[in-house]
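Structure first, then comments.
Every read-out reported here was derived from the displayed coordinates using simple, explicitly stated rules and does not represent laboratory data. Predicted, not measured: the structure shown is a model, and the values here were computed from it. In this analysis, Cβ positions are derived from the backbone assuming ideal geometry, glycine residues included, and neighbour counts consider all displayed protein chains.
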Amino acid sequence: MNPLITAVELMSASAGAQPPVLLDVRYQMGGPPGRPQYEAGHIPGAAYVDLEAELAGPAGKQGRHPLPDVEAFGAAMRRAGVRSDREVVTYDGGTGWAAARAWWMLRWAGHYSVRVLDGGLPAWTAGGGALAAGAPPVAEGDFVPAPGALPSLDADGAAALARRGVLLDARAGERYRGETEPIDAVAGHIPGALSAPTMENVAEDGRFRPAEELAERFAGLGARGEVGVYCGSGVSAAHEVLALAVAGIPAALYVGSWSEWSSDGSRPVATGPQPG
């Protein structure tokens, strides 16, 4: 199943007999909270999900956005109305990063059908979609997580994959090369990783490039066999895992990502461009 859904497709599905569960995951690192934006206007029927409080555990040695407690995650998804027998559609303010993190978490936790609204809320409104205000009550869901349905990596697994397979760094190229590091204490990348900025997977309007273009891009990076992805804290990397899925390439997510790797002084750090 295509892990993306267009605004037109979502409008049709929402008018059907069994509409999908909608999750509004608007989030901006260092920006204003997403809940006030949600309450000001969201896709009708959507429930708000807080990335930092519900899609990640407390920041620490395992990174800025480690996996949350599984039971707490399941409870949050049930509060948001997620059901095991109902498709889920996630969306955010347009970048797709937070929506992709929600997509990955639910798929990793065993939900069979999750898609991301391509282009996010701007695509919905551009297509004439209505918005609802406030925070209406949501019927309790029944989803119970069964972790491990999608592959994930820890730091040792990421290091090993960089040696035997393909480990992609989804951050901006200058962060990969170690020219700048605006967030973490150490600049650079995991030795053996390849630079593959996730922003190159989308067009100017924030929508994903066609599957054929994505497949060509990842083929040029040698993304075949075992593939893994990391970023700063496991959010934009989820977006790259989603892009790989669109291209038909399964990939593992290193959830701790650079924020975990760089906090361990025993881990090696590489800088500069990747070998030609």
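Here are the numbers for the structure shown:
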{"read-out": "Sites Ala160 and Ala211 - FRET efficiency at Förster radius 25 Å, r taken between beta-carbons, to 0.05", "value": "0.30"}
{"read-out": "Largest-first ellipsoid semi-axes for the chain, taking √(5λ) over the Cα gyration tensor eigenvalues, angstrom", "value": "31, 20, 17"}
{"read-out": "The chain: angle of helix 97-108 to the longest principal axis, Cα-based, in degrees nearest 10", "value": "90 degrees"}
{"read-out": "For the stretch 184-276, the Rg and Dmax computed from alpha carbons only, in angstrom", "value": "13.6, 41"}
{"read-out": "Nearest 10 degrees, 0 to 90: helix 70-79 Cα axis against the chain principal axis", "value": "30 degrees"}
{"read-out": "Approximate spin-label separation Thr180-Ala203, in nm, with each point projected 7 Å along Cα-to-Cβ", "value": "2.8 nm"}
{"read-out": "Over the stretch 159-235: Kirkwood hydrodynamic radius from C-alpha pairwise inverse distances, Å", "value": "13.2 Å"}
{"read-out": "Extension gain, Ala133 back to Ala219 (0.36 nm per residue minus Cα-Cα distance, nm)", "value": "26.6 nm"}
{"read-out": "Percent RCO, i.e. relative contact order, over the stretch 4-126, from Cα pairs under 8 Å lying at least 6 residues apart", "value": "32 percent"}
{"read-out": "Antiparallel DSSP beta bridges within the chain, percent to nearest 5", "value": "15 percent"}
{"read-out": "Packing rank of 192-204, 6-18, 79-91, where each peptide gets the mean count of other beta carbons within 10 Å, highest leading", "value": "79-91, 192-204, 6-18"}
{"read-out": "Rounded FRET efficiency, nearest 0.05, which uses the C-beta distance separating Ser14 from Glu226 and R0 of 45 Å", "value": "0.75"}
{"read-out": "Principal-axis tilt of helix 236-246 within the chain, Cα atoms, nearest 10 degrees", "value": "80 degrees"}
